[in-house]
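K.L.:
Attaching a single structure in C-alpha cells format; questions to follow.
The values are calculated or read from the model by the stated rules, or taken from the named source; none is laboratory data. Everything quoted here is computed from the prediction, not taken from an experiment. No Cβ is skipped: glycine too gets one built from the backbone with ideal geometry, and neighbour counts run over all protein chains shown. In case anyone asks, the SASA skips ligands and DNA or RNA and just uses the protein heavy atoms, side chains included. Shrake-Rupley method; radii C 1.70, N 1.55, O 1.52, S 1.80 Å.
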Amino acid sequence: MEVRRTETQTGGFGVNMNEIGKTKTPNPGERWLQNDDGTIVFICGADPDGDPVYFDEGGERLHISTLRFFTQEFYHEPRCTGFDWLPVEQVL
C-alpha cells in the first residue's frame, strides 16, 4: 500500500498520517453517498496518485476527486447495494 506524505511531514501533499484510521478510504466495488443530496456513486478504483475514481448513476463518464475532498463530500454506506437503494427509514 502506497502512503502519500503530507505537507506538514515532508513539504509534499497527500494523506495526513495522523488521520489514518480515522477516515475510511474508498475501495473498488464500494458505494458511497454524497452528504448533501444522497447521490450514490460507485468506486471503480484509484488513479496513479491514489485518488478515488468513481461514477454516478448515469455512468456516462468517470469522475476523479482528491481523496481529501472526496472523504469530506461523501460517506461510505456498507448497506447500499445499488443505485436504487434507499435507507430503511425512508422505505417504511
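K.L.:
Of the numbered conditions (1) out of contact with any strand residue (DSSP E or B) (no Cβ under 9 Å at 6 or more places or on another chain); (2) surrounded by 10 or more Cβ atoms within 10 Å (Cβ to Cβ); (3) at pLDDT 90 or above, Gly14 fails exactly one; give the number of that condition.
P.N.:
(3)
K.L.:
Still on this structure: May I ask you to list pairs of residues, at least six apart or on different chains, whose Cβ atoms are under 9 Å apart, with the first in the stretch 25-43 being under 14 Å from Cys80 (Cα atoms) and the second being of a type in the set (S, T, N, Q) and open to solvent by 60 Å² or more (accessible area, probe 1.4 Å)?
P.N.:
From the stretch 25-43, the pairs are Arg31/Thr81; Ile43/Asn27.
K.L.:
Give the residues of the stretch 39-82 that are under 13 Å from the mean Cα position of the chain (by Cα) and on the phi > 0 side of the Ramachandran plot, sorted by residue number.
P.N.:
Across the stretch 39-82, the qualifying residues are Gly45, Gly50.
K.L.:
For the stretch 36-92, name all the residues that are hydroxyl-bearing (Ser, Thr, Tyr), open to solvent by 60 Å² or more (accessible area, probe 1.4 Å) and not in a loop (DSSP other than H, G, I, E, B).
P.N.:
Step one: filter the stretch 36-92 for residues hydroxyl-bearing (Ser, Thr, Tyr), giving 39, 54, 65-66, 71, 75, 81.
Of the ones still in play, those that are also open to solvent by 60 Å² or more (accessible area, probe 1.4 Å) are 66, 75, 81.
The answer is Tyr75, and nothing else.
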